[in-house]
Amino acid sequence: LVALPEIDIAPVLAVFLVSCAIATYLGAATIAGAAYISFPFALSAVAIICLCSFHLWNSSWMFPVLSKSMGDILLAGVLRSSDYVELIFLYCFADLFYPKQIKSIGVKSIGISTLIFLVVMWAYNLSFPSTVGQENYLPLYTMARNIYLGRFVQRIEAIFVLFWVVSGCIWLSVGFFINCKLLSDMLKLPDFRPLIPAMAILVYSAAIIPQSLPDTILYSDYYLRNYSAFFAFGVPALLTIIAILRGKVEKNDAKK
């Protein structure tokens, strides 16, 4: 959409899938190492975009604060909480780390991500009015495209495409790895790697179902993101209840 608007989507999907498959085959340590190395560069790119968009800032666009009713805000917050469904991946890493490690990882990652998200949304809300902000599906790209720091410093969004591609590839690789790992655990397979080709075919088939970009946004934002919160939080809650009930039953059986 940004760098190669005329290219067919099939080779783009193939490149991303091959990258994700290779990263998944190499394992979680490789993906974590790539994320650790690329994080400072990606964060620097986001910071530069936010700072260089200062000429767009208008404090009046931040008001009125909480313009909608508290009920509407809470309802939208609960439904859109599936935007952070990746947090449940922390449960999947429990068998790779010690309990204290996974707790520290969870607290630090959630805290840092929340801070970054807060700063980006603050800069974005200062840059565009609410009517425009509700329609954009590439906020950082829109901010980068509107950067103007003089005659020779404008339209610099192409510089940041590399950071977006690398970050997106790492994000997809994590999801790809988790899906293969969970499926292998469910099937009680000794290794998840044989599932990688089949998973790649499934992902590719699902990716080409939408016929256009508006259809993709419709499926993602209005259907998947608005209703997957029940799955993202309902399943862990249900498993927790089952574990508690099974624990009580086992205790009672032990006493008998």
Nitroxide proxy distance, nm - points 7 Å out along Cα→Cβ at ASP8 and PHE233: 4.4 nm
Residue-normalised accessible area of the stretch 12-66, expressed per residue, 1.4 Å probe, Å²: 61 Å²
The stretch 160-221 - accessible surface per residue (Å², probe 1.4 Å): 61 Å²
Accessible-area order (highest first, 1.4 angstrom probe) of the listed residues CYS52, CYS20: CYS52, CYS20
Cα→Cβ-extended label distance, 7 Å offset, between LEU187 and ALA47, nm: 4.4 nm
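The values are calculated or read from the model by the stated rules, or taken from the named source; none is laboratory data. On a predicted model such as this, the values are computed, not experimentally measured, just so you know. Quick reminder, even Gly has a Cβ in these numbers, built from the backbone with ideal geometry, and neighbours come from all protein chains shown. Just so you know, the surface numbers come from the protein's heavy atoms only, side chains and all, with ligands and any DNA or RNA stripped out. Shrake-Rupley method; radii C 1.70, N 1.55, O 1.52, S 1.80 Å.
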